[in-house]
Each structure stands twice: as structure tokens, then as C-alpha cells.
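Reading through the C-alpha cells given below for one structure.
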Amino acid sequence: MRVWAISNQKGGVGKTTTTVALGSLMAESGKRTLLIDMDPHASLSGYIGVESAAHGSVYDLFGIGGNPLPVRTLVHATQWDRLSVLPASAAMITLDRQIGTRPGMGLVLTHALAELAPDFDHVLLDCPPTLGVLMVNALAASDRLLVPTQTEALALAGLERMLRSLSMIERSRGKPMLRTIVPTLYDARTHASRACLAQLREQYGDAVSEAVIPTDTQIREASAAGVPLASWPAARRGGLAYRRLLDELLALPVSSMTGAAA
Ligand SMILES: Nc1ncnc2c1ncn2[C@@H]1O[C@H](COP(=O)(O)OP(=O)(O)OP(=O)(O)O)[C@@H](O)[C@H]1O
Ligand SMILES: [Mg+2]
């Protein structure tokens, strides 16, 4: 089982879109795929159409005020073959306050995923924008971090901030986190997009994916309709870019123990 965290502290850069797009392409290619909504805003759960109120959420893994619920009871099939989801709920926003300094809470997701290892080939974690217990859990559980980065000037400052937070977490986890920066919302017609992509490549080199995700209004249409990209043929440009990204990601080293850190 491979676990991918999709994260950037900046909002609206394509985290949820990337999680659903890659997950739906993995499922389409025959892989059993689980999307986990780690963001209390629950955009991914809304996109896929799973109501957390009815189904339980990531919150219930933490056993606040009772016993944690078994992770299998929180995982739900979707209407798309081989694509499952573990939803988010608004209550997750209170986790940091409720957990405080209780020990062991950074590995709750890691332990839950160990139980699910026989059931899934890929797990994708749509991370929250804040650096709290949910983010710490996501990074601890994942093999590779994907950082969708909007190709516009302000995004580079956001990326710097994100990478600084990551260094802090890496120090506590004791091993480097493999990472891939994914340029998103690219518009080749604008100087700002082209300049930002060039700067990303210059500054971060091989850590930036070759695949660049263009701005494609059909991607927005697909999410508004609640349909994953793999099932939305009109998003040709966006679909092709995400397919290229997936091929590239699957060819990368799986763990920092077996390959060079990005
Ligand atoms: N490549 C793209 N082309 C066109 N629209 C896109 C693209 N990627 C994302 N969008 C749209 O941009 C908006 C923000 O994307 P998304 O929700 O994936 O970002 P996010 O980083 O998850 O945001 P948040 O920080 O709010 O969780 C959505 O309306 C989405 O449909
Ligand atoms: Mg999101």
C-alpha cells in the first residue's frame, strides 16, 4: 500500500482537485484506492458526495470522549469502481484543542492505515491548511508528500512557508519526507504563470514534477458536478496532465530508505 499526502498551507491551490483526480485515475487503472479527507472543511467529502454526519469521519479515529471507532466502519465505497472514501467532519477542527499534549496522538492514522493495508493499493490524504494534529498524522503516515503549487507569484512565498513547516516535522519524525512539488493552475498565455514555473524549476529542480497541471475550466465543471476527473472526458487537457503526473509519480522511489530523497 502506498500513502500519498497532498498538502499546501495555501488555500485554493488544487489540493482537493489533485487528490480526487489522481485517486480516480488510480482506481480506473485497476488499483484499490482510498481517499481520506483530512480537512475539517470537508471539500473532498462534498465533492465525492459522502455525508460525514451519516457515516462518521476521521474524527472518530481519535477516540475523543470514548473509544475510537474501528477504521473499517468509517470507510465507504463510492459509485465509482475501486474508489473508496473516509470522510471529514467539522468536529475535526476541535481536535487540536481536545487532544492537547496527549502522547501517541501523532500516529493514530498510521495505526489505522496499517489495519487497511490488505484492502488498498493506494491511499491519498487531502490535508488541511493548518499545521496541527491532523497534518502531523498525515505526514507521519505517508510515503510521499505532493505539494500542489499554483503558478502565480504569491504561491512561492506560500511554498517556502510550507517547506519550513515540513522541516520541523521531519526533525521530529527523524527521516526525510520524499516530496514532489506539482505546478497547478498553469496558464501558458500569461507571463506570471510562465515566470513562476521557471522560478520553481530553478529553485527546486528535480523536486518539481515534469507534468504541469493547466487551468482547465472543465476541471472546475467536474468538481461542481461531483464527478472525479477520470469519469469526466471533457477535461481532456487537465485529464492528460494528471495522467502524466500519475505515471511520473509511480516511477519515483517509494521510500527514503530505498531511494534518494527529493
Ligand atoms: N487545474 C484547474 N483548472 C481549473 N480549475 C481548477 C483547477 N484546479 C483546481 N481548480 C478549481 O479551483 C478551486 C480550488 O481548487 P481546490 O479546491 O482543489 O483547492 P484546495 O487547495 O483544495 O483548496 P482549499 O485550500 O480550500 O482546500 C476549485 O473550484 C477547483 O475546481
Ligand atoms: Mg481542499
Counting only DSSP beta bridges fully inside the chain, the antiparallel percentage to nearest 5 is 5 percent
With -39,500 (n - 2.57) per DSSP H segment of 4 or more residues and division by the full residue count of the chain, the 222 nm estimate, nearest 500 deg cm²/dmol, is -12000 deg cm²/dmol
Most exposed to least, judged by fewest other Cβ atoms within 10 Å, Trp4, Trp232 sort to Trp232, Trp4
Taking the alpha-carbon centre of each part, the distance from segment 48-117 to segment 3-45 in Å is 15 Å
Distance in nm between Ser29 and Arg72 label points, each 7 Å along Cα→Cβ, equals 2.8 nm
Expected sort for 62-70, 87-95 on mean C-beta neighbours within 10 Å, highest first, is 87-95, 62-70
Ordering 146-156, 237-247 by per-residue average of other C-beta atoms within 10 angstrom, highest first, gives 146-156, 237-247
Taking Thr17, Thr130 and counting other beta carbon atoms within 10 angstrom, the fewest-first order is Thr130, Thr17
Taking Cα pairs closer than 8 Å and at least 6 residues apart, the relative contact order of segment 2-249 in percent is 27 percent
Expected max-MSF residue from Leu125, Leu252, Leu145 in the GNM of the chain (alpha carbon, under 10 Å) is Leu252
Kirkwood radius from Cα pairs of the chain plugged into Stokes-Einstein at 10 °C, 1.306 mPa s, gives D in µm²/s equal to 86 µm²/s
With a ≥ b ≥ c from the Cα gyration tensor eigenvalues, square-rooted, and the rule rounded for a/c under 1.5, otherwise prolate when a/b > b/c and oblate otherwise, segment 98-161 is oblate
If one builds a Gaussian network model of the chain from Cα atoms under 10 Å apart, the most fluctuating residue listed among Ser84, Ser193, Ser24 is Ser193
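Each reported figure results from applying straightforward, stated rules to the coordinates on display, with no laboratory input. Remember, predicted model here, so these are calculated numbers, not experimental data. In this analysis, Cβ positions are derived from the backbone assuming ideal geometry, glycine residues included, and neighbour counts consider all displayed protein chains.
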